[in-house]
C-alpha cells in the first residue's frame, strides 16, 4: 500500500523532514519511491520556507491511491491540496496534571451539590401525583 509520509533527516534535535511516497512496508527513513516535498518544523509557521510541496506530483500519487499519514494530511490540508482532515481526539492527558486534578475535584463536588436539590425535588414530585390520584378516586 502506498503512503505519503514524512522521512526524517537532519541532525540530533534538529529535524528536517522529506515528504515521500513509499510502500508502507518500507522503513520510515529507508527506501522510497519519490520525494514530493519537504517540511522544516523548526521554522515559524508564517514562513513559506517551512513547507515545500510539488503539487502536481502529490495530486498524481493521491490519484494512484496513495494514502497520506495524519501529519502529511494536515500539511496538505493547510496548503489546500486536499480537504483538511477532521481534528483528532484531544485526550485529558494533554492538560497539565495540576489543572487536571483541579478539574477532577470540581467535577466530584458539582455532582454532589446537584444531587442534593434533585433528592429534595423528587419526594415533592412523587407526592403531587399521589395527591392528584386520590381526588380522582373520590369522584368515582
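Descriptive notes on the structure:
- Qualifying residue in the stretch 83-91 (condition: modelled with pLDDT under 80, in a helix (DSSP H, G or I), out of contact with any strand residue (DSSP E or B) (no Cβ under 6 Å at 6 or more places or on another chain) and more than 30 Å from residue 21 (Cβ to Cβ)): no
- Test: residue in the stretch 40-50 that is surrounded by 14 or more Cβ atoms within 10 Å (Cβ to Cβ), modelled with pLDDT of 90 or more, in the same structural domain as residue 8 (by TED's automatic domain parsing) and not in a helix (DSSP H, G or I): yes
The values are calculated or read from the model by the stated rules, or taken from the named source; none is laboratory data. It should be emphasised that the depicted structure is a prediction, and the values quoted were computed from it without experimental measurement. Ideal geometry is used to build each Cβ from the backbone, glycine not excepted, and the neighbour counts take in all protein chains shown.
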